[in-house]
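Taking it in order: structure first as structure tokens, then the write-up.
Throughout, read-outs are computed from the coordinates displayed, never taken from laboratory work. Since the model is a prediction, treat every value here as computed from it, not as a measurement. With ideal geometry, Cβ positions are generated from the backbone for all residues, glycine too; neighbour counts draw on all protein chains shown.
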Ligand code: HEM
């Protein structure tokens, strides 16, 4: 996917190329995993979007979200899950639903007491993925 340049250049040795400052600010893998847990819990009680998740393997979803964001934030991970367009296309996700999920992420980030600048950096990454997630006709 399009946001790959920050990632995939990090050797298993821990040698890093590129900017991993956001990954560090998020508390590395452990911090991201906790953040994604809070995020999934917020989604799970959100009437606006829960219908999309009723048949989802939540363990896998949590794991894939964590890996994906680890990679996108410059962490030493390689996302192994589904292509974003492929996995979301059939769901016909609206802009309103996308924004609801973003709100859930903000809730989770506030619970984790991340700084506003760290929150905004992560939100920018998600916002840039909107065109991969929202059903084509809905995009403005
Ligand atoms: C930028 C926002 C989003 C990101 C980064 C994202 C990321 C992901 C990732 C990494 C997966 C796992 C793929 C896999 O299991 O291989 C996934 C699956 C899924 N996403 Fe999203 N997603 C986003 C927005 C949304 C929205 C707005 C909805 C619905 C309102 C949604 C619904 C789902 C569902 C239901 C699955 C599970 C699919 C399945 O297991 O069959 N996602 N997403």
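Rounded, prolate or oblate for segment 51-114? Axes are the square roots of the Cα gyration tensor eigenvalues, ordered a ≥ b ≥ c, and the cut-off for rounded is a/c under 1.5.
Numbers: a/c = 1.68, a/b = 1.10, b/c = 1.53.
Oblate.
Would the chain count as rounded, prolate or oblate if I go by the C-alpha gyration tensor, calling it rounded below 1.5 in a/c and otherwise prolate when a/b exceeds b/c, oblate otherwise?
Because a/c hits 1.5 or more and a/b exceeds b/c, the chain counts as prolate.
Rounded to the nearest 500 deg cm²/dmol, what is the calculated helix-only ellipticity per residue at 222 nm for the chain, with -39500 (n - 2.57) per DSSP H run of length n ≥ 4?
Details: 7 runs with 76 residues, N = 140.
When only DSSP H runs of four or more count, the value is -16500 deg cm²/dmol.
Quote the FRET efficiency, to the nearest 0.05, computed for residue 46 versus residue 128 with a Förster distance R0 of 25 Å and r equal to the Cβ-Cβ distance.
Working: r = 22 Å, r/R0 = 0.89.
Computed FRET efficiency for residue 46 and residue 128 comes out at 0.65.
For segment 71-107 and segment 31-55, write down the distance between their C-alpha centroids in whole Å.
That distance is 12 Å.
What is the calculated FRET efficiency for residue 54 to residue 80, with r their C-beta to C-beta distance and R₀ = 30 Å, to the nearest 0.05? Don't jump to the answer; show the numbers that get you there.
Details: r = 24 Å, r/R0 = 0.81.
Calculated value: 0.80.
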